[in-house]
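As structure tokens, the structure follows; a few thoughts come after it.
What follows draws every value from the coordinates through simple rules; no lab data is involved. Since this is a predicted model, take the numbers as computed values, not measurements. Cβ coordinates were reconstructed from backbone atoms using ideal geometry, including for glycine residues, and neighbour counts include every protein chain displayed.
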Amino acid sequence: MSRQKKKNKISRMDKLTIGAFSMLGLIGGWNFIGNMENSNSAKTMDIDEVATPTPPPVRPTPTPWPTIPPLKQNSRLEIKALPTLAGVSPESDTDSIDQIAGDSAKSFELPAISSAAAIPTLAPLPALPEYVPPPPPPPSQPSSNNGGGGGNRSTGS
Amino acid sequence: MLSRKTETSDNNKQLLLLISGVGGSFLLILFFFLASVIMNEGNAKLINLAWQEFSGNMPHSVQIILAEQARAMSIPLLSGSHAFWYIARAGGILSYFLLWLATCWGIMMSSKVIKGYLNFATAYALHEFLPVLGVIFATLHAMVLLGDTFIGFNLQQILIPFKSSYKPLWTGLGSLAFYLFLALVLSSYLRKQLGQKSWRLFHYTSYLAFLLALVHGLMSGTDSHALAMRTFYLATGCVTLFLLYYRVLAYTPKSNRNRLTRSNKRGSQINR
């Protein structure tokens with residue numbers, strides 16, 4: 001019994017501990033590689049973003065054709081008040097309203113309508129020549145060939 | 001006294017059995033759950049639900065950190081996820097590290113560098129256990145690649161060396177290293193059947209296996225372009241080379257050793 005104990009100095013617990021540490025190493029390595037790959041991909045993405053060629057800024061140059069002047073150069077627009085209709089109070093007399101209506105009717109004098117012109121008519125159609133029916137077709141001749149299959153006549157469709 | 005000892009050992013055994021049973025069933029459920037997730041993308045909803053249940057009592061800041069990390073690790077494991085590629089890479093590096101440790105440990109044991117610092121039995125048990133763990137992680141490294149769509153490996157490309165569409169020579173060397181390490185691990189369990197001499201001769205191929213793994217990692221590893229990884233490969237290679245050089249210098253054949261011990265004994269008898 002004591003001999004057997006001396007033979008193997010590593011207990012199962014020791015083996016389990018070494019195995020557990022190895023597993024930890026594996027998971028740690030997995031995590032490390034994953035993080036490293038992610039950071040690498042992020043770096044390459046950043047590099048790509050930096051490397052993307054951007055066009056140089058365009059400066060405005062005077063053109064040979066006339067252009068619309070910028071708004072700043074324009075003088076201020078003068079805004080005038082628009083004429084509005086005179087206000088009519090609802091309490092005003094009907095006579096005064098009629099008077100206003102008469103005045104406006106006087107101002108709108110329509111011109112006299114000229115008389116309607118005669119409508120032009122179409123010219124008569126030319127006379128067509130009289131219809132002559134075509135002559136009837138001649139009767140079909142019976143075939144003189146007696147030999148062969150015989151009777152193979154096309155009737156047409 | 002004896003009965004109490006046996007009682008405690010029985011209790012320990014039961015506890016260990018219980019822990020391994022619960023842990024095993026948990027892992028089995030987790031495996032089937034992950035497999036079903038990989039098979040059916042619609043199960044992402046289930047993961048979201050589980051996450052909502054799990055993160056219900058957490059502070060908001062912790063939830064944000066966890067979600068950020070999960071996003072970086074490409075969790076959940078869906079069919080188009082990058083997570084498989086990340087796991088494969090991490091598994092490969094870890095496997096290489098464990099196999100390097102095992103190789104160095106073996107050289108240090110045989111050259112007796114650790115003599116006086118560590119019990120031989122403990123050192124030997126560690127030397128036996130580290131490659132097993134390394135091979136397990138190498139298997140994970142290879143199998144996880146099946147779920148990845150980044151390169152799109154299939155089982156044939158993974159199992160048969162030099163059949164891969166991605167850097168066939170360097171990935172093929174990795175496959176050979178894996179098979180060699182697997183054979184070395186199995187040979188240590190069949191040491192009695194193989195015989196000491198043939199086992200020892202076969203054990204020398206571990207240097208070749210390590211070299212193949214190093215070249216595979218350096219030439220086909222996605223992270224090999226990083227300075228840190230190059231330094232890591234260079235450092236591990238140099239340490240192994242240095243230890244091997246030391247081992248060759250410190251090596252004395254068995255006949256010489258016997259002669260030396262005999263002369264030492266004679267000297268001590270004369271002195272007496």
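Things worth noting here:
- Rg(Cα) / (2.2 N^0.38 Å) computed for the range B:118-190, rounded to two decimals: 1.34
- Ascending count of other beta-carbon atoms within 10 Å, so fewest first, for A:ASP14, B:ASP223: A:ASP14, B:ASP223
- Cα radius of gyration and Dmax for the range B:164-248 (Å): 15.1, 46
- Taking only the C-alpha atoms of the range B:83-253, Rg followed by Dmax gives 16.7, 53 Å.
- Measuring against 29 Å, Cα to Cα, the residue pairs B:LYS167/B:LYS197; B:LYS163/B:LYS197; B:LYS112/B:LYS167; A:LYS9/B:LYS197 contain B:LYS167/B:LYS197; B:LYS163/B:LYS197; B:LYS112/B:LYS167 as the ones spanning a longer distance.
- Each Cα pair under 8 Å and six or more residues apart adds its sequence gap; the mean of these over the residue count of the range B:83-253 is a relative contact order of 27 percent.
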